[in-house]
Amino acid sequence: MSSSTFGGPFQERLGAAWFASSTWGWFVGIGAALALLGVIATVNLVMATLAAIVIIAASLFAGGLLMFLHAFGVRRWGWALLWGACGLLYVAAAAFVLYDPLYAAIFLTFWLALLFAMSGIMRILVAAVRRHRGWGWAVASGVISLAAAVLVASGWPANAVWVLGVFLAVDFMVQGAMLVAIGLALRTPPHLVR
């Protein structure tokens, strides 16, 4: 449909302004709640790590259940067995994570350090080879990822009881601040909305 169907670009902007003015409060409220959860998580990082482990286990369980259900919709037996087996592996991984959360935290912290190291190296290499505009920021980001990897790996496995909690808390605070900023940016003066 063309923009003239709905009254032209002015009408579309007016509709967007109405949407923004009617939803900005939700962004601010949810963002503030997430930021508050992040602050609360910093009070007890061990419990935040346990919460992160439970979230991971729930995600694994849900993914496994969906894969297992998908196996019934696949037409070929070979693929159905593969999807079913993958679903069962996900459910088994979720059960293991819930059975021994400390070992799961140690395992995930190790892989987190490895992930940071690999992503940091890749960002530095891509920035050095491509040298596009702003490549220095990519190098800085890679160096920060490498520093985080060294920091996490240097205290492993003892730091596994709190590292995931720190990442969960920081993620909640950053996501909350982002949503508050978006909400405040969406707020429009009342005289522009009818």
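The numbers here are math on the coordinates, done by the rules we state, and not lab data. Quick caveat, the model's predicted, so the values are computed rather than measured. Quick reminder, even Gly has a Cβ in these numbers, built from the backbone with ideal geometry, and neighbours come from all protein chains shown.
Being of a type outside the set (S, T, Y), assigned to a helix (DSSP H, G or I) and touching a Phe, Trp or Tyr at 6+ places or on another chain (Cβ under 9 Å): is that true of A57 here? Taking the combined requirement at face value, the residue satisfies it. Pull up the stretch 73-107, narrow it to residues that are among the aromatic types (F, W, Y) and touching a Phe, Trp or Tyr at 6+ places or on another chain (Cβ under 9 Å), then point me to the one that is nearest to L45 (Cα to Cα). Among them, the one singled out is Y103. Scanning the stretch 47-63 for residues that are polar (S, T, N, Q) and buried (at least 19 other Cβ atoms within 10 Å of the Cβ) turns up just one, T49. Note on the stretch 114-173: residues that are assigned to a loop (DSSP other than H, G, I, E, B) and surrounded by 17 or more Cβ atoms within 10 Å (Cβ to Cβ) total 1.
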